[in-house]
Amino acid sequence: MTKDQIIDVIKQNIVDNLDDVEYDQIDPQKTMKDYGANSLDMIEVVSCSMRELNIKIPRTELADIKNIDELADKFKEYADGN
Amino acid sequence: MANILDFSLADFFYNDNSDVLSPPDDFEEWISHPRVLESFRFFEQQFLEAPRTDSRVLSGVDGEKRKVINLTSYNYLGLSTHPEVIQATKDALDRYGLSASGAPLLSGTFDLHIKLAKKLAEFKLQEDCILYSSGLGGNMGAMQGILRKGDFLVLDEKSHKSLVDGGTLAGAKMLFFDHNDMESLEQMLEKTKGKRVLVAVEGVYSMDGDLVKLPEVSALCEAYNAGLYVDEAHSTLMFGENGRGIGEHFGIEEKVGVSFGTLSKAFGGVGGFVCSNAKLIRYLKGYSSPWNFSCAPSPAVVGGLIKALEVATRDSTLRDRLWKNVRYLTEGLRAMNLNLGGTESQVIPIIIGSSGETLMQLASEIQQRGLFLQPVDFPAVPAHSRRFRISGSAQLTKEEMDKALNIIEDVIAKKLHSSS
């Protein structure tokens, strides 16, 4: 799976879980917080994306991730390992 | 699973098992691993005596029955085991029985419940009070009773789960501001301008022991026309000249819209209470499910709580003793150069760092030395600041504190200093 495909999965889950966010307006260099996500929303987006990608990453490894792009890199690392 | 020890309870909330009555397959694999089981030995250990500072436990660590100094109990003022409180509880038990045997709206309200609610409202300088059978139920019930879909709940990021769960149940949109950061709070209030907004903060934050910046929070609430809800679970009966809590401590009780407290911490019983204006309390009684769909608090416990309030507020003896002990403990711990975070209260964290393994190893050793001090692991606290959390108590004697400090120095301080 390519990184772009992973970013698409994350973006779709952001749209599904947050109010008033359009798919095309999401910039991977930004954080979910920039789109109005609270910590519970972020857990929801991350968990739904991981289920879809069939990967499981410990939450402790996600603590320092700064934006959507870095999240995609981390997901790719695990998806490639599967 | 890649590295089983990297996982925590935070990772198994979502369940894909096709059998709805089974946990996730990988949860079973994780929780059955010997190293994970080792961490869980600290949970649900059985106490064999009352929650005094001098108690006995059936140790989960090695299965031994052991005398311990208990620094983890919420019995901050010793009221749970106070002779006058025990006698009042017995008297209420004899007269009213064990259970209220009904929901408050129908047959579960006794004269004792009315008396306690009235006394709590007077104590908190509010018009009225509603009693809940649990503290968690009180916070959840207040949020669910006050907020509706479309409303905003603005919370400090370190707020208790009961507030978050209440917000979820209410269907309110939740925004979390950075802990005690007024700039961050103002940003949230700017975003929600013109909406119905409730700001919820805690008097004393339960994992860090620091205090809310109440004057600043209150000023922002006023400026943005937001309601102010203060959870005083860890501050009522301890803070303020008369023990009325953090509002009294800062001299701005009249600014607090809703004051919540638990009856299970300093009060020494069980339950929760919410004080506010009479109209809001009347409204909550119509819509707050943990009140109108739950059995009322046990009359025996309520009898004890009325006495507990009297004992705690007739003079400052217990409060003074608590703060004297807290000062002694804090000074002793600071002298060991331990990281106590930003504590300003009877809740004193000893921050160990990021190693869960070190935390559990130290927890095991201190318990075997006779100190009951529970480890607090991720996700309850951030992964880089796993910790022990001391609950200071008025019950502690100087001998007990010296013994506890010696164990902490021998086990925790030595280990941390040698590894740094």
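The values are calculated or read from the model by the stated rules, or taken from the named source; none is laboratory data. Treat the numbers as computed from the prediction; the structure is a model and nothing was measured. For neighbour counting, all protein chains shown are included, and Cβ atoms are generated from backbone atoms with ideal geometry for every residue, glycine included.
Count, please, the residues in the stretch B:393-420 that happen to be more than 16 Å from B:Leu362 (Cα to Cα) and not small (Gly, Ala, Ser). Explain how you work it out, then say what you get.
Going residue by residue through the stretch B:393-420, those that are more than 16 Å from B:Leu362 (Cα to Cα) are B:393-403.
Cutting the leftovers down to not small (Gly, Ala, Ser) gives us B:395-403.
Total satisfying the criteria: 9.
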Within the stretch B:112-136, residues basic (Lys, Arg) and part of a helix (DSSP H, G or I) come out as B:Lys115, B:Lys118, B:Lys119
Expected single match for more than 11 Å from every other protein chain (Cβ to nearest Cβ), over 17 Å from B:Arg369 (Cα atoms), among the hydrophobic types (A, V, I, L, M, F, W, C) and not in a loop (DSSP other than H, G, I, E, B) among B:Val57, B:Val36, B:Val68 is B:Val36
Need the failing condition index for B:Thr343 against (1) touching a strand residue (DSSP E or B) at 6+ places or on another chain (Cβ under 9 Å); (2) modelled with pLDDT under 95; (3) under 30 Å from B:Met140 (Cα atoms), just the number. (2)
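For every residue, the table says whether it meets (1) within 14 Å of chain A (Cβ to nearest Cβ); (2) over 20 Å from B:Leu77 (Cα atoms); (3) surrounded by 23 or more Cβ atoms within 10 Å (Cβ to Cβ).
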position: B:Glu357; (1), (2), (3): yes, yes, no
position: B:Met360; (1), (2), (3): no, yes, no
position: B:Leu373; (1), (2), (3): no, no, yes
position: B:Arg389; (1), (2), (3): no, no, yes
position: B:Gln395; (1), (2), (3): no, no, yes
Could you please give the count of residues in the stretch B:34-69 that are farther than 11 Å from B:Gln367 by Cβ and either of a type outside the set (Phe, Trp, Tyr) or touching a residue at least 60 places away in the same chain (Cβ under 8 Å) (or both)? 21
State all residues of the stretch B:317-353 that are of a type in the set (Gly, Ala, Ser) and under 21 Å from B:Ala233 (Cβ atoms); if no residue qualifies, say none. B:Gly341, B:Gly342, B:Ser345
Mind listing just one residue for me: the one in the stretch B:390-412 that is of a type in the set (A, V, I, L, M) and out of contact with any strand residue (DSSP E or B) (no Cβ under 9 Å at 6 or more places or on another chain) and, of those, farthest from B:Leu329 (Cα to Cα)? B:Ala394
Hits in the stretch B:14-25 - residues which are facing another protein chain (nearest Cβ under 10 Å) and modelled with pLDDT under 90: B:Tyr14, B:Asp16
Six or more apart or on different chains, Cβ atoms under 7 Å: show the pairs whose first residue is in the stretch B:357-371 and in the same structural domain as B:Ser39 (by TED's automatic domain parsing) and over 16 Å from B:Gln45 (Cα atoms) and whose second is among the basic types (Lys, Arg) and in a helix (DSSP H, G or I). B:Leu362/B:Lys415
Checking the conditions here, which among B:Glu344, B:Glu365 is away from chain A (no Cβ under 14 Å), acidic (Asp, Glu), under 20 Å from the mean Cα position of the chain (by Cα) and surrounded by fewer than 21 Cβ atoms within 10 Å (Cβ to Cβ)? B:Glu344
List pairs: first residue in the stretch B:117-136 and more than 19 Å from B:Asn292 (Cα to Cα) and at pLDDT 95 or above, second residue acidic (Asp, Glu) and part of a loop (DSSP other than H, G, I, E, B) anywhere in the structure, Cβ distance under 7 angstrom, at least six positions apart or on different chains. B:Ala121/B:Glu127
Just one of B:Gly304, B:Gly332 is modelled with pLDDT of 95 or more and outside the structural domain of B:Lys415 (by TED's automatic domain parsing); which is it? B:Gly304
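Given the condition surrounded by fewer than 23 Cβ atoms within 10 Å (Cβ to Cβ) and acidic (Asp, Glu), answer yes or no: does some residue in the stretch B:225-233 qualify?
No, the stretch B:225-233 contains no residue that is surrounded by fewer than 23 Cβ atoms within 10 Å (Cβ to Cβ) and acidic (Asp, Glu).
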